[in-house]
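Everything on this sheet refers to the single structure shown next.
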Amino acid sequence: MKNLFILLLASITLISNAQIRCGTEAHTLELIEQYPDYAKAKSKVNTETENWIANNPNYQTKTIISIPVVVHVVWNTTAENISDARVFEQIEILNNDFRRTNIDTINTPSVWQGIDIAADCEIEFCLATTDPSGNTTSGITRTETTVSQFSIWGGSSVEDASDGGIDAWPNDDYLNIWVCDLGGGLLGYASPPSSWPNPTDGVVIGYKYFGLSGNNGAPYNKGRTATHEVGHWLNLEHIWGDNNCGNDNVSDTPTQEEENYGVPAFPHNTNSCGTTNPNGDMFMNYMDYTNDGAMNLFTLGQKTRMISAINQYRSNHLTQTICNGPTNIIDV
Ligand code: ZN
Ligand code: CA
């Protein structure tokens, strides 16, 4: 009896320590339920995206897009009040991953190394230099809260000041990234784009998984939670299409039966979804669920989808002047 009790206690501890890679699917369903206008707008996104891609075959000859970011650090304990250095690391990781200047590109299997597959997405991120009132800013806000854990499952929302979080900066002009203690072992979630103006639009990341977060966040400690969630924010879906052999609406990501975890060896799952594919799953794609250290690419098809999302739904980023550096105009 005592052993059973210990076993039970151990399994509860295991469950409470379980890490949930991504809450975007759950968050999207919640938004659809809560806002009929979002449901309507979201249902049109895939058709609108296909149309945009068909009408803009030459988009790739254009220049780099820079997206201004505001990072909202919402903290209850000092550990949650992450340093500026961690924020800088995360921005650098996003830039490396989206520009394919990450040091682990060499780990991409050679069959997917070509620039016709492994893409420089030509999207960059900067900490905003101007706040919504036109004042100079570091691009980082810090909010002390009495809320010990935020949640997408009926708890307090970090995107809401009246819930103990902080409201978004105008989300046409900024990518809002909230960093906080997320309950339920959740690493992060994002709001996928549509033509509906979502007041909570942005990305939320658990503080243990933001930047190079060391042992606390292992094996999700290399900042790829934000890479994955910003991918969702730019309209990417999970590589397995959130279904058994589902469709992620990207043609150069192989159809995949389900998500992968850990560090698989290439090739992985060469017989799945009713076919034989010698290369197997693209488990090293940022839109899978593998460990941060196992991920290393977005594909050209995913890039096309993200550029389309920016042009259709986040077009202020094409002409913004909040990022230092060159003006970033894609004239399509
Ligand atoms: Zn996800
Ligand atoms: Ca695919």
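The values are calculated or read from the model by the stated rules, or taken from the named source; none is laboratory data. Remember, predicted model here, so these are calculated numbers, not experimental data. Here the Cβ is made from the backbone with ideal geometry for all residues, glycine too, and neighbour counts use every protein chain on show. Surface areas here come from the heavy atoms of the whole protein model, side chains and all, with no ligands, DNA or RNA. Shrake-Rupley method; radii C 1.70, N 1.55, O 1.52, S 1.80 Å.
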Item to complete: Leaving out ligands and nucleic acids, note down the accessible area per residue over the chain with a 1.4 angstrom probe, in whole Å².
Response: 44 Å²
Practice prompt. Using a/c under 1.5 as the rounded threshold, could you call region 11-119 rounded, prolate or oblate? The axes a ≥ b ≥ c are square roots of the C-alpha gyration tensor eigenvalues, and prolate needs a/b larger than b/c, oblate otherwise.
Written response: oblate
Worksheet, complete the sentence: Farthest towards the positive end of the dipole of region 209-277, among Gly246, Asn260, Gly211 and with Cβ unit charges of +1 on Lys and Arg and -1 on Asp and Glu, lies the Cα of Gly211
Item to complete: Return the whole-Å distance between the Cα centroid of region 25-85 and the Cα centroid of region 269-305.
Response: 21 Å
Practice prompt. Report, by chain and number, residues whose modeled amide H sits under 5 Å from the one on Ile239, excluding near sequence neighbours (fewer than 5 apart, same chain).
Written response: Asp288
Discussion item. If you only keep lysine pairs separated by 8 or more in sequence, or across chains, how many in the chain come under 28 Å at the Cα atoms?
Written reply: 9
Worksheet item: Label-point separation (nm) for Ser151 and Asn95, each offset 7 Å from Cα along Cα-to-Cβ?
Response: 3.8 nm
Discussion item. Run lengths n ≥ 4 of DSSP H only: what is the helix-derived mean residue ellipticity at 222 nm for the chain, with -39500 (n - 2.57) per run over all residues, to the nearest 500?
Written reply: -8000 deg cm²/dmol
Practice prompt. List the residues whose amide H sits under 5 Å from the amide H of Leu127, counting only those 5 or more places along or on another chain, with H placed 1.01 Å from N in the peptide plane.
Written response: Val69
Item to complete: Quick one: go through region 287-303 and flag any residue whose amide nitrogen is under 12 Å from the point 7 Å out along the Cα-to-Cβ line of Asp252.
Response: 298-303
Practice prompt. Let me know the shape class of region 182-288, please: from the alpha-carbon gyration tensor, a ≥ b ≥ c as square roots of the eigenvalues, rounded when a/c is under 1.5, otherwise prolate if a/b is greater than b/c, or oblate.
Written response: oblate
Discussion item. Using 0.36 nm times the number of residues separating Ser315 and Asn46, minus their current alpha carbon distance, what extension gain do you get?
Written reply: 95.1 nm
Worksheet, complete the sentence: Within the chain, the cysteines whose Cβ lies no closer than 4.7 Å to any other cysteine Cβ are Cys22, Cys121, Cys180
Response to the item:
Where a ≥ b ≥ c are root eigenvalues of the Cα gyration tensor, a/c under 1.5 meaning rounded, otherwise prolate if a/b exceeds b/c and oblate otherwise, region 120-163 counts as oblate
Worksheet item: What ranking do 62-68, 40-46, 265-271, 207-213 get when scored by the average of other Cβ atoms within 10 Å per residue, highest first?
Response: 207-213, 62-68, 40-46, 265-271
